[in-house]
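Structure record follows, encoded as structure tokens.
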Amino acid sequence: MGTENPGRPSFPARPSATPFAAAPPAVTPFLSSGPVAGPGVSSFRPPPAAPPNTLPSVSSALPAGSDGSGFRPTPPARFNDPSVSSPPTTHVPPTGGPFQRLPTPPFPSMAQAPPARAPPVGPQPGQYFPGQVSHSPVSFRPQPPAVPMGSPPQRASYAPPGVNFPQPSSDSSFSAPRPNSQPSFTPVDSTYRSARATLQPPMPGYATMPPNAVSQMPTTASLFPSHQGSYVPGPPGPPPAASPFPAHQGGFVSSSPLAATPGLHTQYSAPPVGVMQNLAEDFSYLSMGSIPGSIEPGLDLKALPRPLDGDVEPNSLAEIFPLNCHSRYLRLSTSAIPNSSSLVSRWHLPLGAVVCPLAEAPEGEEVPIVNFASTGIIRCRRCRTYVNPYVTFTDAGRKWRCNICSLLNDVPGDYFAQLDATGRRIDIDQRPELTQGSVEFVAPTEYMVRPPMPPLYFFLIDVSISAIRSGMIEVVAQTIKSCLDELPGFPRTQIGFITFDSTIHFYNMKSSLTQPQMVVVSDLDDIFVPLPDDLLVNLSESRSVVETFLDCLPTMFQDNVNVESAFGPALKAAFMVMSRLGGKLLIFQNTLPSLGIGRLKLRGDDLRVYGTDKEHALRIPEDPFYKQMAADLTKFQIGVNVYAFSEKYTDIASIGTLAKYTGGQVYYYPSFQATNQGEKLRHELLRDLTRETAWEAVMRVRCGKGIRFTSYHGNFMLRSTDLLALPAVDCDKAYAMQLSLEETLLTTQTVYFQVALLYTASCGERRIRVHTLAAPVVADLSEMYRQADTGAIVSLFSRLAIEKTLSHKLEDARNSVQLRIVKALKEYRNLYAVQHRLGGRMIYPESLKYLPLYGLALCKSTPIRGGYADAYLDERCAAGYTMMALPVKKLLKLLYPSLIRVDEYLLKPSGQVDELKNIMKRLPLAAESLDYRGLYICDDGFRFIIWFGRMLSPDIAMNLLGPDFAAELSKVTLSEQDNEMSRKLVKVVKKLRENDPSYYQICYLVRQGEQPREGYLLLSNLVEDQIGGTNGYVDWLTQIHRQVQQNA
């Protein structure tokens, strides 16, 4: 990302009439030969080319010798059935002949090796190809004993010669700017079948065979397990009856093998294990051949990889390094660290980590708190690493060696303990810092530059006419009052308020008063703070005054008709009040700032800007005032959360900068009305105020010698090259960072990472949360791919793509995502191109099988999709700020939402209903998943879209919606009705909300065919379909595969 030349197209031009996966013009079959006399090392040589279109000679003689096998190949079966046409003679394999002879292996041969282009017969763990063998002592995949292989299952993966693949839609199809304000969508018929229904093979469930293909003879079960990563399904149903002729395998005919049992020789002897073992297919793949007689790709849509189980947290490192911190705190984009810069250059995907330092602990676990008291915190005196499970003790326990920089440190007397016979401390079970990857130290006074600050909440509230009419002020006042008892830090908590329209209103809430006093300042050019000591008060002392103010606030401005907004001066005033202590500033903004410093103007209406080099300027702050204010706020430990409400443009790009650089977040409520979005605002504000918060924090990530983090991505201010300033942190914030090698070659076998977050807890303690992780160093690119973490890679991709939109066109950001995926898959393909006949197959590591789909979903996400008409400017910028801070699990759910069907569950009698989790089966995000007789819920973590099929039973609709069941659903609110079916649906919705309490999901109801509402609510979430001129999943895969094959 960021290295591409913006002046050039990111992808090579597509050839106009080149078959996508054409078969070779002439197929030269392998000729089998028996064992050769005499011992020796097998040497595999390519067969001599046979003359095209001629029948190869057949030889069945075996050379004699002491090591020769007594097994003779059988001649090919004869075609005696006149009703069946013979297969092409050029494809008949011989049973013996002048093929380069192989010396006899020193042990019994294996069964038939898989023919070219056949799918893998089984996973081959631990197999490394010549030139890519890892020198790390860590073995991720132990090698199993040699097992004879049976015949691979039948697949059709060749594209017939002369059949052209469809030309994928160009990148400009990501929707050019359009003058209309709503995105257009591909119409769908009543059965909701995709417009490209011909993508499905004629027989669902397996790839279509060529018309003249002959059915495969049934074979006995192989002892070798099937390859888990193969996404080409086998033929459904029982095998056909035994046929007198062999099966057609990807372009040539092979004899049916016998049952694969140990020690049994079959017609073709495999090369010796260890010499030709690299022929095993250690990858997953999709067959990309065409359907005969059609230009459509022969992909079974049901077989495409989809993340229907959501984000699966990686656990490979936990098995090797059980003392590591949990992956929800720290995730690497690959758990195998490259040992050289050349290996990094071939990786192509982001190399880095995603850190969520305050993530909620796994169920049943807690982060232990350690207080060293008089000893002081044990740290390396050179690199300042905190003591952790990977340090080693020597010299009878008097010294310890740092795992980051290898320096020997003295053990303080109060921390000394003797070592047992194995070199472990005898008190290790009483030392959680030496047994757990995550720990929290209580910091002594030397870690404080001032006394720990109290939790402080300051509210800056817009009271202009639009804020009053929307009901926002009433909801905010009621919510704050309802959670005063739950604010963390009692009895130290501080609170204060400022309201503004064209003037600024301060409130004296001194505890001696019976009701608050309002002081109005109308001079916007020279802001000053009246009563500086009484605007921030201790909540426990001034509780009654604060409650009186919150009761009066909604009516205090109910007759206000002021349409102006002096937001900039009000922000400066809040900064002046808070600068002594710091804290959290919550901004409720409803109107575009129009007066005083920081005033903004409407922009983004000029369609001619979109698609040009000036387009990105719309997504960055217009006025430098906001970035400068963010820097000042961070310096004084003030974090900002922005709550934006408006049906008009309010320049989130500028205002959101305050949250971006202070470690905060942006909450966006477009066209807010308390009647329909009040509950969402109430829940999210309540969580913001009551969740545990780390105050005045700084974070640093240390790593082993030879590597370092070079770039950081998220909502924070970078105080130095590697120190992140975070005035307020909580469990819903994550930060991404990229890694680079400082040395040409790493000589260590393990690399260590340590995240340290120094912060003030709400209870007033200064603490240090430390997460430590170890990862192996490898010299094998295939091992890096094998240990890749799709979730971490997509998180880095998302942040890099969003940042790219701030300096480039949207199309450039989308192209950069696709280009890096193509480069990575091309590099991975090159690893296997020599040892395997890949042909038209799209191969990828099992660990990255979902990466292309998430890449497509990212390109269709709100921050970078389409152009002018595909998302409002404020909506696009707000989504960008939100995604920059999301943890991995929440981000992946936003990109690929859950789609579940609920009508079948609602119709079951209560006594027969299984547990609720049994109905949470996710469906592919495609129109074909929608039955027009069904009821579905789409959940992206931020909202629920409940879709009513056109032919859904009226009884269900009436039970769920009551008398409004026939009304336009945009005017209907889902509420619990007095019947069992409605209660069950409410139970489902409640359960889904409990699974992710970070945000409150409002229910949007939509009926099939209700346009444009159905289009922008549901159809835009069906990322696998061609919507609004964008690629569907099949087209996306085809486009990626085609570019991978170019110059591969």
Worksheet entry | Lone qualifier among TYR872, TYR905 - being outside the structural domain of TYR1004 (by the TED database), of a type outside the set (Gly, Ala, Ser) and either in contact with a helix residue (DSSP H, G or I) (Cβ under 6 Å, 6 or more places away or on another chain) or modelled with pLDDT under 95 (or both) | TYR872
Discussion item. Return the pair list, or none, for Cβ contacts closer than 8 Å from residues in region 517-531 that are surrounded by fewer than 15 Cβ atoms within 10 Å (Cβ to Cβ) and at pLDDT 90 or above to residues that are assigned to a loop (DSSP other than H, G, I, E, B) and of a type in the set (S, T, N, Q), at least 6 apart or on different chains.
Written reply: VAL520/THR503; SER522/SER502; SER522/THR503
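Yes/no matrix, rows are residues, columns are (1) over 33 Å from the mean Cα position of the chain (by Cα); (2) in a helix (DSSP H, G or I):
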site: PHE588; (1), (2): no, no
site: PRO593; (1), (2): yes, no
site: GLY596; (1), (2): yes, no
site: GLN628; (1), (2): no, yes
Discussion item. Open to solvent by 60 Å² or more (accessible area, probe 1.4 Å) and assigned by the TED database to the domain that holds LEU906: is that true of LYS984 in this structure?
Written reply: no
Worksheet entry | Condition check for LYS823: open to solvent by 10 Å² or more (accessible area, probe 1.4 Å), over 21 Å from ASP1035 (Cβ atoms), touching a residue at least 40 places away in the same chain (Cβ under 8 Å) and of a type in the set (D, E, K, R) | no
Item to complete: For region 411-430, name all the residues that are free of Cβ contacts under 8 Å to residues at least 40 places away in the same chain, closer than 24 Å to ALA774 by Cβ and surrounded by 13 or more Cβ atoms within 10 Å (Cβ to Cβ).
Response: VAL411, ALA417, LEU419, ARG424, ARG425, ASP427, ILE428
Worksheet item: Which of (1) surrounded by 15 or more Cβ atoms within 10 Å (Cβ to Cβ); (2) out of contact with any Asp or Glu (no Cβ under 9 Å at 6 or more places or on another chain) is the odd one out, the single condition GLY1032 does not satisfy?
Response: (2)
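To keep it simple, each residue is scored yes or no on (1) on the phi > 0 side of the Ramachandran plot; (2) at pLDDT below 95; (3) part of a helix (DSSP H, G or I).
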position: GLN478; (1), (2), (3): no, no, yes
position: ASP485; (1), (2), (3): no, yes, yes
position: PRO491; (1), (2), (3): no, yes, no
position: ILE495; (1), (2), (3): no, no, no
position: ILE498; (1), (2), (3): no, no, no
position: HIS505; (1), (2), (3): no, no, no
position: LEU513; (1), (2), (3): no, yes, no
Fill in: Which numbered condition THR1038 fails, given (1) more than 30 Å from TYR832 (Cβ to Cβ); (2) touching a strand residue (DSSP E or B) at 6+ places or on another chain (Cβ under 9 Å); (3) of a type in the set (S, T, N, Q); (4) buried (at least 18 other Cβ atoms within 10 Å of the Cβ)
(1)
Item to complete: Could you tell me whether region 630-650 includes any residue that is out of contact with any Cys (no Cβ under 9 Å at 6 or more places or on another chain), of a type in the set (Asp, Glu), farther than 23 Å from HIS683 by Cα and assigned to a helix (DSSP H, G or I)?
Response: yes
Discussion item. Suppose the filter is at pLDDT 95 or above, assigned to a helix (DSSP H, G or I) and of a type in the set (A, V, I, L, M, F, W, C); does LEU853 pass it?
Written reply: yes
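Residues checked against (1) more than 20 Å from PRO624 (Cα to Cα); (2) touching a strand residue (DSSP E or B) at 6+ places or on another chain (Cβ under 8 Å); (3) surrounded by fewer than 17 Cβ atoms within 10 Å (Cβ to Cβ); (4) of a type in the set (S, T, N, Q):
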position	(1), (2), (3), (4)
THR555	yes, no, yes, yes
ASP559	yes, no, yes, no
SER565	no, yes, no, yes
LEU571	no, yes, no, no
VAL577	yes, yes, no, no
ILE587	no, yes, no, no
Worksheet item: Could you give every pair whose Cβ atoms fall below 8 Å, whose first residue belongs to region 988-1013 and is under 19 Å from LEU685 (Cβ atoms), and whose second residue is of a type in the set (D, E, K, R) and assigned to a strand (DSSP E or B), counting only separations of at least 6 or pairs across chains?
Response: GLN1001/ASP939; GLN1001/ARG943; ILE1002/ARG943
Worksheet, complete the sentence: Of the residues in region 630-667, those that are in contact with a Lys or Arg (Cβ under 6 Å, 6 or more places away or on another chain) and β-branched (Val, Ile, Thr) come to THR657
Discussion item. Looking for something touching a strand residue (DSSP E or B) at 6+ places or on another chain (Cβ under 6 Å) and not hydrophobic (A, V, I, L, M, F, W, C) - is there at least one such residue anywhere in region 808-827?
Written reply: no
Worksheet item: When residues of region 916-957 are filtered for being of a type in the set (Lys, Arg) and touching an Asp or Glu at 6+ places or on another chain (Cβ under 9 Å), how many remain?
Response: 2
Worksheet item: Among the listed residues LEU858, LEU925, LEU891, LEU886, which satisfies the condition of being within 14 Å of the chain's Cα centre (by Cα) and part of a loop (DSSP other than H, G, I, E, B)?
Response: LEU886
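The values are calculated or read from the model by the stated rules, or taken from the named source; none is laboratory data. Because the structure is predicted, anything quoted here is derived from the model rather than measured. Neighbour counts run over all protein chains shown; Cβ positions are idealised from the backbone, glycine included. Each accessible area value is taken on the protein alone, full model and side chains, heavy atoms only, with ligands, DNA and RNA left out. Shrake-Rupley method; radii C 1.70, N 1.55, O 1.52, S 1.80 Å.
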